[in-house]
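Single-structure report; data block below.
The values are calculated or read from the model by the stated rules, or taken from the named source; none is laboratory data. Note that the structure is predicted; figures quoted are calculated from it, not measured. Neighbour counts run over all protein chains shown; Cβ positions are idealised from the backbone, glycine included. Ligands, DNA and RNA are stripped out before the accessible areas are found, and what is left, the full protein with its side chains, is counted by its heavy atoms. Shrake-Rupley method; radii C 1.70, N 1.55, O 1.52, S 1.80 Å.
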Amino acid sequence: MDRRFFHRLGASQLLRAICSEAGEAGLKSVIGAKLGTEPEQFSHSRYIICWAANIHGNNVHLWPFISEARRAGAKLVVIDPYRTRTAAVADWHLPINPGTDAALALGMMHVIIKENLYDADYVAHHTFGFEQLREKVQEYSPERVSKWTGISASDITRLACEYANTHPAVIRLNYGVQRSENGGMATRAITMLPCITGSWKEVGGGLQLSTSGAFGFNSDALERKDLMQKSLGRPARTINMVELSTALNVVNNPPVKALFVYNSNPAAVCPNHNEVIRGLLRPDLFTVVHEQFFTDTTDYADIVLPATTFFEHKDLQKAYGHYYLQMSQQAIEPLGECRSNVEVFQTLAKRMGFEDECFNDSVDEMIDTALTSETPWLRGIDRERLEKEGHIRLGFKNQISDGGSQFSAQFLPFAEGNFPTPSGKAELYNESLKAQGLDPVVQFIPPGESRHSSQAKAYPLELLARKADNFLNSTFCNLPSVQKMEELGLLEMNAADASPRGIVDGDTVRAFNRRGEILLKARVDGTVQPGVVAARLYWAKLEAGKRNINVLTSEKLTDMGNSATFYSVLVDVECTKPAS
């Protein structure tokens, strides 16, 4: 209903790229769709790589299957610049330098191809561009890759050989990889690994980044982009939510005069925090925030509208980490004056005189519309069945491509190729990347803000502006019970960086760069490698000085997908005074 309203109004469209677009673009550039290994299949794996994936912090439903696999002898390897909860219990933790994941994947493929550890039959029948990849990876020897990644050449070789020689092997890739300047290319490089080893053929093999491509709702009928023709006679311009500070402070054709915030907390989560706040403080900006709590963003609102929680409205739930479609039933009546998104935008449309019939649709009717889809995996699933069963596994077939009808207990999307790409194969060479100014095979370019750039002379430390383990982005930050589970206001450092700066554990330190500064308490605990510091996202108004870590992050966009580069940030740190 929100899209219908804004399309009919003629408002600017929002590019929702802050979370996952770079990774999704990289994934689709190889395999054509956001599909991957089912969580349940991880129990069959014998070699599990968690690549930028903190399973204990943000993927807890997967952990029981990993535990089952480990009890059966599987090895768990974690590739992450931070010693996460998952890394702490892994069989092998490889602390990689931030933003160098593409280089590591290329180094692994160098070894796999050189040692003939790839699946020649799968490569021949189900991939496109292998010879170009073979030539490309010659540039990325383990010795050269080691200088970028901080991982020894012997460990790179060992990782590649163990991964290629152990069957089945699976990669749980998460979105931390794509929050670097070369995040799309990094995801593309990692996605190539199961394509050359052929692990897509095996139960418990393959890779999982996102499964959301299986939930093909009828979005055209839901969103009604055609309504823009009625309001404007053309599609409206698009503004990237990553670039909110630019949209509020720079865009002038025409300027943004009204901002409606819902399902988000941009004053906390957007990069370049100081400039975002400057924009929100504009006296000529009319800001409405539809929220459940008084967040950082509500502090800058002209009007705050109370929003329902998921207990107070009905919803249809798809997923990006499993293959079950779910119905979320309303449990209680909305409290006080709370209204759902649907009701708010439906009511606004009617008060503004929009007479289009689509604004009369009920929630049930919109659910019916969503399920009226050509996606074969949704066949046989309707609202009545969902309301009765609550959750339903998508209706996968064994041989979708040739019309087979035997139900498969294990979904292997690419066991026989059938990649939804222009070539029908995994595209190790992708011609369309040229139009984006990118290498059509794959390449590694060090981020502009990294230890490998000239900017490191002024700001020598790489910052991980990471998520807290117990919050959900900025959700739950205001709850005392959850706050007690996090030690807040920390800057985690390695002793190799703290000691030369005269910093000891517990000191108050100033982290800064050309965009801003923030005071934090030093934690010298070995969770990061030399040259790296880490701090966690928190509400700004609950931090000292009413600033959060995004005062240091930039609006620079990723190489693919135009996403945020939260993990390509350089800073320096100095001691101020001991913490009291």
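Filter the stretch 120-134 for residues that are within 14 Å of Phe414 (Cβ to Cβ) and open to solvent by less than 30 Å² (accessible area, probe 1.4 Å); which is nearest to the chain's Cα centre (by Cα)? Here the answer is Thr127. Of all residues assigned to the stretch 135-147, none qualifies as being in contact with a strand residue (DSSP E or B) (Cβ under 8 Å, 6 or more places away or on another chain), at negative phi and open to solvent by 10 Å² or more (accessible area, probe 1.4 Å). If you go through the stretch 297-354, how many residues are in a helix (DSSP H, G or I) and in contact (Cβ under 8 Å) with a residue 40 or more places away in the chain? Summing the residues that are in a helix (DSSP H, G or I) and in contact (Cβ under 8 Å) with a residue 40 or more places away in the chain in the stretch 297-354 gives 8. Of all the numbered requirements in (1) assigned to a strand (DSSP E or B); (2) open to solvent by 70 Å² or more (accessible area, probe 1.4 Å); (3) of a type outside the set (Phe, Trp, Tyr); (4) more than 24 Å from Cys270 (Cα to Cα), Leu519 misses one, and that requirement is (4). Among the residues making up the stretch 1-38, those that are touching a helix residue (DSSP H, G or I) at 6+ places or on another chain (Cβ under 7 Å), closer than 30 Å to Asp356 by Cα, open to solvent by 10 Å² or more (accessible area, probe 1.4 Å) and assigned to a loop (DSSP other than H, G, I, E, B) are Met1, Gly10, Arg16. Looking only at residues in the stretch 217-237 that are under 25 Å from the mean Cα position of the chain (by Cα) and of a type outside the set (A, V, I, L, M), the one that is farthest from Arg383 (Cα to Cα) is Arg237. Scanning the stretch 220-268 for residues that are open to solvent by 50 Å² or more (accessible area, probe 1.4 Å), out of contact with any strand residue (DSSP E or B) (no Cβ under 8 Å at 6 or more places or on another chain), outside any loop (DSSP other than H, G, I, E, B) and of a type in the set (S, T, N, Q) returns a single hit, Gln229. Of all residues in the stretch 484-511, how many are open to solvent by 40 Å² or more (accessible area, probe 1.4 Å) and in contact (Cβ under 8 Å) with a residue 40 or more places away in the chain? Number of matching residues: 4.
Filtered by the rule that a residue be open to solvent by 30 Å² or more (accessible area, probe 1.4 Å), closer than 20 Å to Leu463 by Cβ and outside any loop (DSSP other than H, G, I, E, B), the stretch 43-92 gives a lone residue, Asn58.
Residues in the stretch 38-60 that are touching a residue at least 40 places away in the same chain (Cβ under 8 Å) and under 17 Å from the mean Cα position of the chain (by Cα): Cys50, Trp51, Ala52, Ala53, Asn54, Ile55, His56, Gly57, Asn58, Asn59. Being under 19 Å from Ser563 (Cβ atoms), of a type in the set (Val, Ile, Thr) and outside any helix (DSSP H, G or I) is true for just one of Val170, Val177, Val203. Which residue is that? That would be Val177, the only listed residue that is under 19 Å from Ser563 (Cβ atoms), of a type in the set (Val, Ile, Thr) and outside any helix (DSSP H, G or I). Restricting attention to the stretch 355-397 and to residues that are of a type in the set (S, T, N, Q) and either part of a helix (DSSP H, G or I) or in contact with a Phe, Trp or Tyr (Cβ under 7 Å, 6 or more places away or on another chain) (or both), the residue that is surrounded by the fewest Cβ atoms within 10 Å (Cβ to Cβ) turns out to be Asn360. Do the conditions hold for Gln208, that is, is it touching a strand residue (DSSP E or B) at 6+ places or on another chain (Cβ under 8 Å) and open to solvent by less than 10 Å² (accessible area, probe 1.4 Å)? When the stated conditions are applied, Gln208 passes them. Could you check, for the stretch 272-287, whether at least one of its residues is open to solvent by less than 60 Å² (accessible area, probe 1.4 Å), of a type outside the set (Asp, Glu) and closer than 30 Å to Lys388 by Cβ? So far as the stretch 272-287 goes, no, none of its residues is open to solvent by less than 60 Å² (accessible area, probe 1.4 Å), of a type outside the set (Asp, Glu) and closer than 30 Å to Lys388 by Cβ. For the stretch 523-561, residues that are surrounded by fewer than 18 Cβ atoms within 10 Å (Cβ to Cβ), touching a residue at least 60 places away in the same chain (Cβ under 8 Å) and either assigned to a loop (DSSP other than H, G, I, E, B) or among the polar types (S, T, N, Q) (or both) total 2. Being at negative phi, touching a residue at least 24 places away in the same chain (Cβ under 8 Å) and in contact with a Cys (Cβ under 7 Å, 6 or more places away or on another chain) holds for only one residue in Leu244, Leu280, and it is Leu244. Tell me whether the stretch 101-118 contains one or more residues that are touching a Pro at 6+ places or on another chain (Cβ under 6 Å) and either in a helix (DSSP H, G or I) or open to solvent by less than 10 Å² (accessible area, probe 1.4 Å) (or both). Yes, the stretch 101-118 contains at least one residue that is touching a Pro at 6+ places or on another chain (Cβ under 6 Å) and either in a helix (DSSP H, G or I) or open to solvent by less than 10 Å² (accessible area, probe 1.4 Å) (or both). One residue stands out among those in the stretch 63-83 that are more than 15 Å from Tyr47 (Cα to Cα) and touching a residue at least 60 places away in the same chain (Cβ under 8 Å): the one that is farthest from the chain's Cα centre (by Cα), which is Arg83. If you go through the stretch 84-95 one residue at a time, how many are in contact (Cβ under 8 Å) with a residue 40 or more places away in the chain and in contact with a Leu (Cβ under 6 Å, 6 or more places away or on another chain)? Counting residues in the stretch 84-95 that are in contact (Cβ under 8 Å) with a residue 40 or more places away in the chain and in contact with a Leu (Cβ under 6 Å, 6 or more places away or on another chain) gives 1.
The condition of being charged (D, E, K, R) and more than 24 Å from Val177 (Cα to Cα) holds for Lys484. Here Pro334 meets the list (1) out of contact with any strand residue (DSSP E or B) (no Cβ under 7 Å at 6 or more places or on another chain); (2) closer than 18 Å to Arg385 by Cα almost entirely, failing just condition (2).
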